[in-house]
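The values are calculated or read from the model by the stated rules, or taken from the named source; none is laboratory data. Note that the structure is a prediction, hence the values are computed from the model and not measured. Reconstructed Cβ throughout: ideal geometry from the backbone, glycine too, with neighbour counts over all protein chains shown. In case anyone asks, the SASA skips ligands and DNA or RNA and just uses the protein heavy atoms, side chains included. Shrake-Rupley method; radii C 1.70, N 1.55, O 1.52, S 1.80 Å.
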Amino acid sequence: MTLKELSQLYFLNREIELDKERIEILKLKACSPSIPNPTDIPIRGYPDSSIERYNTEINNLENILAEKINQCLHERNRLERYIAGIDDSLIRQIFTLRFVNGLSWQQVANRVGGNTADSVRKMSIRYINKQDGIRDI
């Protein structure tokens, strides 16, 4: 598994948080009355008001969010299965803390103890490279 593949769960979680924030903003906009402006003139085939447009966009985003959450669960399961197959307990801990829990390298080093952020990062990269058959230089 590559570093990019290992990092997908982290990025999916960030996307989910951004989508949740966006939905909350749209909900606030949909609930707050505003003075109609000339651009709110209904267009054939589109909702009649800005509130309806916000609600439509909220529904679309919520559907997309549900798909991302399912993808996130799938990715987490795949990642946890991969990590469970690692023989070295320290590497398993590092990978779980970093790639499943999304901690920074410094936080990972603090949690496993006796290592620096740079050393746990290098251990991870060496392990990944070894699995991919790339010689450590």
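Karplus-derived 3J(HN,Hα) values for region 63-70, using 6.51 cos²θ - 1.76 cosθ + 1.60 with θ = phi - 60°, are 5, 5, 4, 4, 5, 5, 5, 4 Hz; glycine and proline are entered as x. Over all other residues within a Cβ to Cβ distance under 13 Å of Cys72, the charged ones net out to -1, with Lys and Arg as +1 and Asp and Glu as -1.
Can you send over the carbon and sulfur percentage of the accessible area for the chain, probe radius 1.4 Å, protein chains only? The computed percentage sits at 53. Taking Lys and Arg as +1 and Asp and Glu as -1, the other residues whose beta-carbon sits under 13 Å from that of Lys20 total -2.
Residue separation of Lys68 and Arg126 scaled by 0.36 nm, minus their Cα-Cα distance, works out to 17.8 nm of gained length. Checking (1) 66; (2) 59; (3) 56 against the coordinates, the calculated percent of Cα pairs over 18 Å apart falls under label (1). Entry comment: accessible area of the chain is 69 Å² per residue, from protein heavy atoms only and a probe of 1.4 Å. Excluding Ile94 itself, what net charge comes from residues whose Cβ is under 15 Å from its Cβ, given Lys and Arg +1 and Asp and Glu -1? Once positives and negatives cancel, what remains is +3.
In the chain, helical runs assigned H by DSSP with n ≥ 4 each contribute -39500 (n - 2.57); averaged across all residues and rounded to the nearest 500, the mean residue ellipticity at 222 nm is -23500 deg cm²/dmol. For the listed peptides 82-88, 124-130, a ranking on the average number of other beta carbons within 10 Å per residue, highest first, reads 124-130, 82-88.
Spacing of the modelled spin labels on Ile16 and Ser49, each 7 Å from Cα toward Cβ, amounts to 3.4 nm.
Taking 18 Å as the straight-line reach from the Cα of Lys29, the lysines in range (excluding those fewer than 8 positions away in the same chain) are Lys20.
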